[in-house]
Structures are given as C-alpha cells and as structure tokens.
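Undergrad: Before anything else, here's the structure in question.
All of the numbers you see were taken from the coordinates with simple rules; none came from a lab. Note that the coordinates shown come from a computational prediction; the quantities given were computed from them, not determined experimentally. Cβ atoms come from the backbone with ideal geometry, glycine included; neighbour counts cover every protein chain shown.
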Amino acid sequence: MKRIVPALVRGGADAIKVSSTYPSAPSYNGTPTMTARPPAAPASKTVYIETVGCQMNVLDSELVVGALKRVGYALTHDPSTADLMLFNTCSVREHAEDKTFSALGRVAPFKLANPAKVIGVIGCMAQKDGDAIRARAPYVDLVVGTGQLAKIPELVAIIQETRDPQLAVSLGRREAGKREVEMSFESFDPTRDPEMRLTPFQAYVRIQIGCDKFCTYCVVPSTRGPEQSRHPDSILNEVRILVDQGCKEVTLIGQTVNSYIYDHGDGRRTRFSDLILRIHDVAGLRRIKFVTNFPKDMTDDLLDAVRDLPKMVKYLHVPLQSGCDDVLGRMKRLYTVGEYWEMLHRSRERIPGVAVSSDFIVGFCGETDASFQKSLDVVDRAKFKNSFIFKYSERPGTKAMERYPDDVPDAVKKQRNHDLLMLQNERSLEDSRAMIGQAVEVLVEGPSRQGAKSAPGGIRQLIGRTMTDHIAVFDGPDRLVGEILTVDIAEASGFTLYGAARTGEAIGGEGVLPVARLPRRMGLGLV
Ligand code: SAM
Ligand code: SF4
C-alpha cells in the first residue's frame with residue numbers, strides 16, 4: 001500500500017505512517033482555519049458513504065463529503081453506481097467492526113464487476129488496524145485514519161490514476177514524542193456539507209479531538225490520538241459561518257468536552273465556560289448543546305454558565321459507567337461513585353431542572369452480581385433522563401485486555417444489559433410523566449416516523465427537542481420545521497412527550513393545535 005507523504009516508515013513501502021508534514025492541512029492548535037472556499041467543481045463522479053459510531057464520525061463524514069464535493073463528487077445513496085464507496089468506521093465495540101466487514105462484503109461484488117470503483121475504509125478502524133484491513137478485505141483501495149481525513153480527495157485521485165492502494169494513518173501514541181504524535185492528528189479544515197446534516201438548522205462543531213483519560217476498556221485514546229483543544233477563534237469562526245447558513249443549534253463535541261481548555265501560549269487560557277460565553281454572543285444562534293462530559297471535570301463555572309446563559313440547553317450527558325467503586329477502579333475512571341453523586345447533586349443544585357443522562361458498561365472484567373447490583377442501585381435512585389447501556393466488549397490494545405480476563409459470560413452480560421435497561425426505562429417513564437402539564441420550548445426537527453408516512457403539506461405529526469433534550473411530538477404543518485415554539489405536554493411514554501403546539505407565535509395564526517395522537521400501546525420506545 002503506497003503513501004504519498006514522506007514520513008515515518010513502518011515495515012517498508014507497504015505501510016507508511018504520516019507525520020505532520022502534509023503541507024496544506026493546518027494544525028489543530030493553529031490559528032483559525034476556516035476560510036472562504038472556492039466554489040465546488042461541477043459534479044462528475046459520485047460518492048457513497050456509510051457511517052457507524054458516534055457524533056464525531058457523523059461530523060467527519062460531513063467534512064469528507066464536503067471536501068469531495070469541492071473536487072467534483074456528488075453524493076449518492078446507491079453504492080452499486082458510486083465511483084467511490086467510503087465506510088466511516090467505529091472500533092469502540094467488536095460489533096461495530098463486524099458491521100463494517102459485513103458492509104464491505106455487501107459491496108465487494110460491485111467492485112468485482114467494475115474494478116475502477118474505489119473502496120475506502122476510513123476513521124477509527126483504519127487508524128487502529130491500518131493495512132491489516134486489507135488482509136481481510138483485499139479489494140479495499142484506501143485506508144485513512146481519523147487524523148488524516150483531509151487527504152482523502154488527493155489519495156482517491158492517486159488511486160484512480162495509478163491503481164495503487166493508499167494508506168494514511170497518524171502516529172501511534174508510543175511511536176514518537178507527544179508533540180509529534182499530536183501533530184500527526186491533523187485538523188480538518190471544516191468545509192461543511194449541509195446535505196449530510198440531519199437538518200439544515202442543526203450542526204455539530206468539534207471543539208476538541210482525542211482523549212487522554214485512558215479508561216482501560218477504551219480504544220479512543222489510540223484511534224483519536226492525544227487530547228487537543230481547538231483554538232477558540234477557529235470555533236467561533238465556524239459557528240458564525242454555520243449561523244449565516246441558517247443554523248440555529250450547534251452541538252459542541254469532544255470525547256470529554258468539558259475538559260476543553262485552550263492555552264494561548266502567552267499566559268492566557270480559555271476555559272470551556274469562557275468559550276461558551278463567546279459562542280453564546282453569536283447573533284442568530286438559538287441553542288447550544290455539548291457532549292460528552294467527564295464527571296471529574298464538571299466545574300462550577302461551567303454549571304453556572306449552563307444555568308445563566310439562555311441559549312444553553314439544560315442537559316448534561318455524564319457517563320458513570322458502573323455503580324461499583326472496584327469496577328470503576330479497574331476501568332481507571334478516576335472517580336468514585338460517591339464523587340459522581342457529589343457532582344450530580346451539585347449539578348442539580350446549580351441548574352434547577354437540568355436533565356442528566358449516563359452511559360453504563362455491564363459485564364466488565366470482574367463484575368460480580370454484587371457489583372452489578374450497585375449499578376442497579378444507582379440507576380434506581382439517580383433519576384437519569386436516560387442511559388446508554390453497553391455489554392463490555394474486549395478490545396485489542398487496551399489495558400483491560402492486557403490486565404484482566406474478560407470473565408463475565410456473554411449470557412450474563414446480556415441479562416444484566418436487559419435488567420439495567422428495564423430499570424432505566426421505568427425511571428425514564430417517571431421522568432417523562434413528570435413533564436405532563438408543562439409548557440416546553442421545542443425546536444421542531446421534522447416529521448416524526450409516524451408523520452413521515454403522511455403526505456407533506458397537511459397537518460402531520462412533527463418531532464422536536466425540548467431545552468432539556470427530551471423528545472416531544474405534536475401535530476402541525478411542515479412550515480413549523482426549524483421553528484422554536486411552545487408545546488403543552490399532555491401525555492408521556494418512556495422517551496417521548498406528547499403535546500399540542502401553540503402555533504400563534506411561530507406562524508402568526510391563533511391558538512393551539514390538537515394534542516398529538518398517542519400510540520395505541522404506550523410503549524417505551526421512540527416514536
Ligand atoms: N468519551 C465518552 C466518555 O468518556 O464517556 C464516551 C466515548 S465512548 C465512544 C462511548 C461509550 O461507549 C462509553 O461511554 C462507554 O460506555 C462505551 N464503551 C467504550 N468502550 C467500550 C467497550 N470496550 N465495551 C463496551 N462499551 C464501551
Ligand atoms: Fe474512552 Fe474514557 Fe476517553 Fe471516554 S474518557 S473516550 S471512555 S478513554
């Protein structure tokens with residue numbers, strides 16, 4: 001596999017890793033990177049992209065498609081006709097990797113039928129496994145890690161010209177000094193592609209890359225490299241451009257977003273709360289969210305900013321992972337359950353009405369029935385809005401795999417996953433029901449799944465998010481989409497509030513639309 005950038009060579013010409021030498025991509029910590037863009041070239045080729053994983057990957061796909069459009073690609077949803085097929089991958093759990101290999105198997109016949117097509121594996125798996133991906137799927141032409149995505153258009157062009165496969169991955173954490181490794185995870189000039197966003201008025205904005213927490217079960221510190229906070233001016237610049245394009249809500253993303261701190265190198269430091277304050281000033285922006293938080297870095301200045309700034313969504317996603325201190329110790333989460341409770345109480349005291357959600361891993365190494373019971377106890381009492389629950393998946397290269405046997409049988413993991421989820425669902429239902437009778441402010445995202453079955457134009461069921469990140473559905477005309485309006489909540493299921501929209505304020509008409517029809521069987525699932 002050939003690389004174009006001269007850099008560190010690992011094991012001959014077939015596996016070359018790049019350092020920071022790429023001339024045109026700016027460094028993550030550098031000055032603002034977003035510049036006026038030349039207009040996109042007329043589309044002559046098509047790209048198909050599949051994305052697995054977290055918000056970071058969703059944003060990366062948006063950036064990659066934006067960059068490809070600049071060189072003449074159009075987005076297609078049909079892999080069989082695409083000139084370029086990209087798979088943006090996740091390595092957090094084995095299941096996510098399996099999904100990518102089965103997707104590759106699905107498109108392999110298209111490549112066999114037309115060898116001129118280019119298949120690329122990009123993102124976390126590419127960074128973690130590099131050229132090993134081609135050992136399992138030899139028809140893959142392109143492997144590009146999370147820190148090298150800006151090079152994709154150039155590498156694809158080389159493949160099309162030479163038919164030589166290309167590999168671009170950043171340096172491993174132990175392959176060079178910290179600064180050099182940091183520099184090898186280059187930023188990606190945010191050439192955004194609105195077509196890739198869920199809605200035109202909501203966008204992710206990356207404020208931090210990488211992670212230095214090194215939880216023992218997690219691959220992210222290797223797949224996304226060292227933690228680096230982005231220059232605040234660069235972030236501000238991007239938010240202003242997004243707002244000019246019609247964006248009303250930004251979600252600031254980072255692996256531990258509340259650890260954000262930018263050191264200007266002249267004695268000045270921008271904390272996360274300082275950054276939020278500056279973003280809050282952007283005229284036209286209506287809402288600001290952020291994910292994901294690390295419990296230990298939840299400072300009072302941040303909580304006060306969330307409370308005091310009206311555009312801040314009153315919602316904190318703060319993963320606990322386990323309710324047992326022994327398990328947290330083996331996970332190296334750097335806090336105890338008691339410290340998490342202190343953070344939770346402090347957050348609720350400082351931000352009245354704040355919604356909090358969590359992540360849990362069940363069946364981590366050495367998790368006994370007694371330790372799992374402690375996770376149940378926390379979920380029972382913590383009043384989380386919701387929790388994401390995962391079965392522990394042993395990951396090669398992690399400290400957990402090196403140190404501890406994966407000793408909880410899969411059947412037990414499954415049962416614990418189910419039990420914790422059922423308990424959380426009951427608590428989520430209570431949380432939702434407590435909102436019945438409230439008037440909530442909702443940003444309307446579009447038709448709900450049920451509403452999408454009716455023809456556009458009339459009144460149909462719409463879906464939106466409240467200021468506490470709850471999902472609300474209500475009936476209304478499509479012209480409400482993208483508006484912020486008040487909804488009177490009349491009913492609730494596990495994760496959905498049902499209400500009536502006050503339309504006067506948004507569309508100039510009088511009154512309140514009828515309450516959205518409740519599903520016949522009030523379940524706990526999403527609408
Ligand atoms: N940075 C975030 C944090 O610290 O909470 C989350 C990043 S991770 C991509 C999202 C979630 O995946 C984690 O909160 C954890 O619950 C889960 N996760 C990570 N590694 C896992 C593993 N090896 N097996 C199962 N779940 C895992
Ligand atoms: Fe992974 Fe822990 Fe970093 Fe989150 S904080 S990305 S779980 S290492």
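Undergrad: Given bins 5 angstrom wide, list per bin the percent of all Cα-Cα distances in the range 304-431, short to long.
TA: 2, 10, 20, 21, 18, 12, 8, 5, 2, 0
Undergrad: Could you derive backbone 3J(HN,Hα) for the range 294-309 from the dihedral phi with the Karplus parameters 6.51, -1.76 and 1.60 (θ = phi - 60°), listing whole Hz in sequence and x where the residue is Gly or Pro?
TA: Ordered by residue, 3J(HN,Hα) equals 9, x, 6, 9, 8, 8, 5, 4, 5, 4, 5, 5, 4, 5, 8, 8 Hz.
Undergrad: Another one. Distance cut-off 32 Å, Cα to Cα: go down the list K213/K391; K314/K391; K385/K413; K311/K414; K178/K383; K117/K289 and report the pairs above it.
TA: Table pairs above 32 Å Cα-Cα are K311/K414; K178/K383; K117/K289.
Undergrad: Ok, one more. When the Debye formula is applied to the Cα atoms of the range 239-351, each taken as the same point scatterer, what base-10 log of I(q)/I(0) results at q = 0.15 Å⁻¹?
TA: So the normalised log intensities are -0.72.
Undergrad: Can you list the HN-Hα couplings for the range 378-386, worked out from phi with the Karplus curve (6.51, -1.76, 1.60; θ = phi - 60°), rounded to whole Hz and with x for Gly and Pro?
TA: For the range 378-386, the Karplus-derived couplings read 5, 4, 4, 10, 7, 6, 5, 4, 7 Hz, x marking Gly and Pro.
Undergrad: By count of other Cβ within 10 Å, fewest leading, how are E367, E394, E402 ordered? Write down the numbers at each step before the final one.
TA: On the way: E367 24, E394 15, E402 9.
Lowest to highest Cβ neighbour count: E402, E394, E367.
Undergrad: Can you compute 3J(HN,Hα) from phi for each residue in the range 229-243, using the Karplus curve 6.51 cos²θ - 1.76 cosθ + 1.60 with θ = phi - 60°, rounded to whole Hz and x for Gly and Pro?
TA: Once rounded to whole Hz, the list reads 8, 8, 4, x, 5, 5, 5, 4, 4, 5, 4, 4, 5, 4, 5.
Undergrad: Okay, next question. Any chance you could tell me what percent of the C-alpha pair distances in the chain go past 32 Å? Each step should come with its number before you reach the end.
TA: Numbers: 65229 of 138601 pairs.
Cα-Cα pairs in the chain separated by more than 32 Å: 47 percent.
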